[in-house]
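See below for the structure under consideration.
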Amino acid sequence: MADFARLNLSDRALEAVSKLGFTQPTPVQEKAIPKAIQGSDIVACAQTGSGKTLAFALPLMDTLEPSSNPQEGPRLLILTPTRELAQQIEGVCRTIAECLDRRVCCVVGGVDPAGQVHALQAGADVLIGTPGRIIDLHESGSLSLTSVGKLVLDEADRMLDMGFFPQVQQIIGACPQKRQTLLFSATIDGKAARHFKRFMSHPVLIDQNPGHLPASRVRQFAVEVDHRCKPQLLKALLAQQRRQQTIIFVRTKRRADSLLEHLYSWGYKAACIHSGRSQAQRRSALDDFAMHKVNPIVATDVLARGIDLEGIGLVVNYDIPLQADDYIHRVGRTGRAGAAGCAFTFICPENKRELAQIENLIGHQIERYHVQGFASQESDRAIAKRATRRNAKNDPELAAALREYEAHLKKSERRRQARKKRKENPSTAKAATSRHKEKPDSPQAKRTSARTARSQKRFKR
Ligand code: ADP
Ligand code: MG
């Protein structure tokens with residue numbers, strides 16, 4: 001405990017640390033905790049899984065002044081971009097609160113607000129929440145923000161980007177101007193922080209991740225694939241990486257649902273999380289995944305940031321993230337707190353630009369990988385066949401070529417069978433083949449070989 005003890009924490013806060021089972025502060029905790037205790041505004045950038053939650057929650061909860069009025073609104077407000085992350089932080093805060101005697105409350109969308117209103121009326125020192133619900137409760141008069149003396153934006157770069165910014169601005173506007181403000185993320189830099197200077201006062205910059213690198217023990221691979229073959233590739237990859245706790249990231253809700261169907265059809269007990277699911281469905285999917293009742297879990301970017309699930313060994317970017325920063329967060333769901341992990345990103349020819357942006361951000365080329373058991377030539381042939389069938393509807397020449405090609409496939413299959421038979425029973429098979437042998441120079445044989453060559457040539461196009 002010696003190291004935590006050097007960080008100016010109270011004895012009760014140190015008790016909370018030992019309750020959490022931690023002995024050594026992580027680098028971001030070592031830097032941020034004393035500064036937060038001093039009351040400084042902080043912009044902290046540290047790798048995914050490096051213990052940022054404790055780095056802000058512990059010192060801020062430790063230094064909360066005792067409340068003069070139990071009905072007063074929260075004095076520490078922690079904003080997060082997703083409901084699951086808010087609930088996760090609530091869990092950490094509750095453990096700390098047991099030692100520090102603070103009242104913790106969490107408000108997120110997707111659930112009946114009545115219980116949250118009731119909890120707020122009972123009094124909360126620490127409030128964790130998502131912006132939408134906080135604004136609703138504030139506007140309906142159930143939540144006062146006038147006592148917020150400490151404000152944290154976790155995943156700050158996301159909270160301050162275009163989608164969330166108006167809501168966050170409204171919340172900050174309702175908080176007192178004189179307050180301590182902390183921004184935390186794995187992907188925020190001094191430049192972004194300067195942009196938000198007006199919300200802060202002389203912030204201390206703690207940059208433990210200047211290159212915006214993913215967690216260091218995550219092995220990263222890129223797998224090149226045509227987008228039509230992604231399901232087969234995933235099937236082969238999951239078979240190869242058997243039994244790993246896996247998160248598969250996709251771009252949209254629809255794609256998540258459709259991939260879930262594929263996983264069911266391959267016999268996986270899978271689950272999925274996206275914003276189209278009810279909060280109860282999202283919660284139970286995450287709980288079942290944490291308890292190893294379901295695996296893999298398919299998710300959109302709602303699960304990309306902050307979520308700390310033990311033992312995730314594999315992240316698959318089934319769809320490449322459109323923003324390079326999101327790559328770091330997605331990949332950061334594995335390799336947490338010093339554990340090892342693997343991340344595979346499927347790359348289609350049309351994803352070249354996104355890949356270049358990611359490689360530019362992380363500063364190196366992602367190693368290319370070939371998945372064993374994934375017969376890419378087979379899939380190429382399937383694609384060529386499907387494409388030709390579609391085009392053949394409008395092009396009689398292609399239709400003829402397709403027929404020839406299919407006949408050719410049938411013929412090769414017959415030949416393969418005959419070879420197999422010959423191997424099994426050499427004497428009878430020899431007699432049978434010699435009877436049907438075509439004279440190589442006959443006009444019939446010449447016509448057949450010319451036709452086959454023509455059809456193969458068309459398919460190569
Ligand atoms: P981040 O927000 O940086 O992504 P989290 O705060 O979610 O990371 O913490 C990641 C994991 O590290 C959690 O499981 C947490 O319990 C663990 N952790 C946090 N601080 C320590 C520490 N000092 N020693 C060991 N593990 C820690
Ligand atoms: Mg975090």
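The values are calculated or read from the model by the stated rules, or taken from the named source; none is laboratory data. It should be emphasised that the depicted structure is a prediction, and the values quoted were computed from it without experimental measurement. Methodologically, a virtual Cβ is constructed for each residue, glycine included, from the backbone with ideal geometry; neighbour enumeration extends over all protein chains shown. Side chains included, ligands, DNA and RNA excluded: accessible areas come from the protein's heavy atoms. Shrake-Rupley method; radii C 1.70, N 1.55, O 1.52, S 1.80 Å.
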| Listed peptides 415-424, 56-65, 215-224 by packing density, highest first (mean Cβ within 10 Å) | 56-65, 215-224, 415-424
| query | At a 1.4 Å probe radius, carbon and sulfur cover how many percent of the accessible area of the range 181-261? | reply | 46 percent
| Over the range 304-353, what percent of the accessible surface lies on carbon and sulfur atoms, probe 1.4 Å? | 52 percent
| note | By the C-alpha gyration tensor axes a ≥ b ≥ c (rounded if a/c is under 1.5, else prolate when a/b exceeds b/c, else oblate), the shape of the range 232-291 is oblate
| remark: Percent relative contact order for the range 1-157, counting Cα pairs under 8 Å at least six residues apart, stands at 25 percent
| remark: P(r) over all Cα-Cα pairs of the range 1-66, 5 Å bins from 0 to the longest distance, whole percent per bin, short to long, reads 3, 18, 34, 26, 14, 4, 0
| remark: One checks the Cα atoms of the range 113-270 and finds Rg and Dmax, in Å, of 21.4, 57
| said: Can you give the Rg/Rh ratio of the range 74-123, where Rg is from the C-alpha atoms and Rh is the Kirkwood radius? | reply: 0.95
| field | Translational diffusion of the range 40-193, µm² s⁻¹ [Kirkwood Rh, Cα pairs; Stokes-Einstein; 25 °C; 0.890 mPa s] | value | 159 µm²/s
| task | Determine the order of SER144, SER265, SER40 by accessible area, beginning with the largest, at a probe radius of 1.4 Å. | result | SER265, SER144, SER40
| field | the range 309-380, accessible area per residue, ligands and nucleic acids excluded (1.4 Å, Å²) | value | 44 Å²
| task | Take the solvent-accessible surface of the protein heavy atoms, probe 1.4 Å, and return the percent of it on the range 1-133 that carbon and sulfur atoms account for. | result | 49 percent
| request: Please quote Rg/Rh for the range 181-318 to two decimal places, taking the Kirkwood radius as Rh and restricting both calculations to Cα atoms. | output: 1.05
| task | Compute the accessible area per residue over the range 208-257, keeping the other protein chains in place, probe 1.4 Å, unit Å². | result | 51 Å²
| query | Rounded to a whole number of µm²/s, how large is the Stokes-Einstein D of the range 188-252 at 25 °C and 0.890 mPa s, given Rh as the Kirkwood radius over C-alpha pairs? | reply | 152 µm²/s
| task | Please give the per residue accessible area of the range 1-152, computed with a probe of 1.4 Å over protein heavy atoms only, in Å². | result | 38 Å²
| query | For the range 253-344, what are the per-bin percents of Cα-Cα distances with bins 10 Å wide, up to the bin holding the maximum? | reply | 16, 51, 31, 2
| field | Kirkwood-type radius of the range 51-101, with distances r between different C-alpha atoms, in Å | value | 11.9 Å
